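Input: a single structure, listed below in structure tokens.
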Amino acid sequence: MTKRLSLAERLAADKKHLLLDDIVKQDEWSLLLVEQAVLHFGLRKTEFSCNDLRDVLPELGHGFLGAAINALRTGGVIERTGQYVPSTQASTHGHVIAVWRLTGKGLGIASARWDAARTAADRKAAA
């Protein structure tokens, strides 16, 4: 038997989902930056956390990095390793965060982009 939510609980849940949707939609450019950083770290380091990403990304809006990571997870690009590390972001007070890795799909995307960039660079050098 499922528990019936009160009106306040339903409104809070709806508000939470709307806020996550707004965060992801706020800036397509920022989402592309996060995606590029994830693909880069996934190819170079195998495993990474948001600590690694924050060190190379510009300041993003509150909650944006987590929402972008969640979008990549639900898209099948990354997956949790089952490991956790303390956050280096001061406002989290060392709360643990997930360690991620690229999935097969993510590795395919990252490799294809790397190959395309290398081919473009070779063509430019030959011209």
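Side notes on the structure shown:
- For the residues T81, T74, T88, the requirement of being among the hydroxyl-bearing types (S, T, Y) and in contact with a Lys or Arg (Cβ under 6 Å, 6 or more places away or on another chain) singles out T81.
- Picking from residues in the stretch 91-127 that are within 28 Å of R80 (Cβ to Cβ) and open to solvent by 90 Å² or more (accessible area, probe 1.4 Å), the one that is farthest from the chain's Cα centre (by Cα) is H93.
- Meets criteria (at pLDDT 75 or above, touching a strand residue (DSSP E or B) at 6+ places or on another chain (Cβ under 9 Å) and polar (S, T, N, Q)) for T92: no
The values are calculated or read from the model by the stated rules, or taken from the named source; none is laboratory data. Keep in mind the model is a prediction, meaning the values are calculated, not measured. Glycine gets a Cβ as well: all are built from the backbone with ideal geometry, and neighbour counts include every protein chain shown. Ligands, DNA and RNA are stripped out before the accessible areas are found, and what is left, the full protein with its side chains, is counted by its heavy atoms. Shrake-Rupley method; radii C 1.70, N 1.55, O 1.52, S 1.80 Å.
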